[in-house]
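The values are calculated or read from the model by the stated rules, or taken from the named source; none is laboratory data. Treat the numbers as computed from the prediction; the structure is a model and nothing was measured. Quick reminder, even Gly has a Cβ in these numbers, built from the backbone with ideal geometry, and neighbours come from all protein chains shown.
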Amino acid sequence: MRIRLRGRFWLALLSLLISLCVWGIVQPDQPGSTTPSMPISVDLQPENLDTVHYHVLDPLGKVTIIVSGPQKQLAGVDPSRVHAYVDLAGVNEGQNDCPIHLDTADYKLDFKLTRNQIRVAIEPVVTEVEPVVVETRGESNVQGQICTTATVLPTTVQLTGPKSKVDSVAKVRALLDLGAIKPGVIVNERVDLLGPQDEPIAGVVASPQSVSLQPIFLPAPVERTVLINALFRGQPEFAYRVQPDGIKVSPPTMVVQGPSSDIATLPAILETDPIDISGIHATGSFQTVVRLPHGLHTPDGETVIQVRVTVPVEGPSVNAGG
């Protein structure tokens, strides 16, 4: 009888020890009844998209994942090894509600997404042909010649990209540096894709990406400074007269440019359009213009110049000594 009780005691003790060992293995590291967890944030990636024909309109952003498991294993989770993606094979243009997939590498933990799908906007990839516009900067160092533009080859380029991006390109520009060119020398310049405010447009590919520019040089214009004479028509009111010595023209002179043959025959005095002074009886200020002969212009390219003419008028005098 005593031997039997002693055997049962050792069996009970052995069972207790085994239970304690099992409890120590399965007991969580943290006190409490819930399993430890932590959030991680990873970039959401598009996969299997037909990038030749389609483009994701907006970045997919990040997705939050709740990871649960033993605390020691949670501490070793590297978010860069967790891959969250959207399978875009077979999507259509427009809005698409797509499930989010997870690749959790070899982690033996519970991964749960805070959202299971995302709305993805898809737009088509298009190709359009746009002309190249030549713009200049700086000043030419070539004596006696000027350059204001250039011939360009090819004259057009193909733009390929998302439709919204291609539509935002307002100008394809080739910029010519006048200070770095010489007559007869062809230069290659990269084209710039610019928006309405000359802001760069990214995400669009130009083909070709550069063009050939051959600067066009012309003889520099000769210039001459001439006087401006005001012309009048009509008569002041009876008993009033214009004081010729007091007429003022603003500006009184102007610089005229053009071919040397035209400058050589240009009169020393240019006249304004006639000013109608019919019936005036007081000093007045009038706006009129000077029209330059064909082929001539001012340094800023104008051929019709605004001038202001002040016309002093003298009335009848009264004899106070009668």
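See the values below:
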{"item": "Enumeration of residues in the stretch 211-238 that are assigned to a strand (DSSP E or B), under 18 Å from T272 (Cα atoms) and not basic (K, R)", "result": "T225, V226, L227, I228, N229, F232"}
{"item": "All positions within the stretch 74-101 that are hydrophobic (A, V, I, L, M, F, W, C), touching a residue at least 40 places away in the same chain (Cβ under 8 Å) and part of a strand (DSSP E or B)", "result": "A84, V86, I100"}
{"item": "Residues within the stretch 251-264 that are modelled with pLDDT of 85 or more and polar (S, T, N, Q), tallied", "result": "2"}
{"item": "Qualifying positions in the stretch 133-154 - outside any strand (DSSP E or B) and closer than 13 Å to G184 by Cα", "result": "V142"}
{"item": "Selected residue (criterion: nearest to R241 (Cα to Cα)) from residues of the stretch 266-284 that are modelled with pLDDT of 85 or more and among the hydroxyl-bearing types (S, T, Y)", "result": "S278"}
{"item": "Selection count where residues are part of a helix (DSSP H, G or I) and of a type in the set (S, T, N, Q), scope the stretch 256-282", "result": "2"}
{"item": "Flag if T104 is of a type in the set (S, T, Y) and either modelled with pLDDT of 90 or more or under 30 Å from G161 (Cβ atoms) (or both)", "result": "no"}
{"item": "Selection count where residues are modelled with pLDDT of 85 or more, over 39 Å from the mean Cα position of the chain (by Cα) and of a type in the set (S, T, Y), scope the stretch 208-242", "result": "1"}
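Matching residues to (1) among the basic types (K, R); (2) assigned by TED's automatic domain parsing to the domain that holds D300; (3) on the phi < 0 side of the Ramachandran plot:
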{"residue": "G203", "(1), (2), (3)": "no, no, no"}
{"residue": "V211", "(1), (2), (3)": "no, no, yes"}
{"residue": "E237", "(1), (2), (3)": "no, yes, yes"}
{"residue": "K248", "(1), (2), (3)": "yes, yes, yes"}
{"residue": "G258", "(1), (2), (3)": "no, yes, no"}
{"residue": "L266", "(1), (2), (3)": "no, yes, yes"}
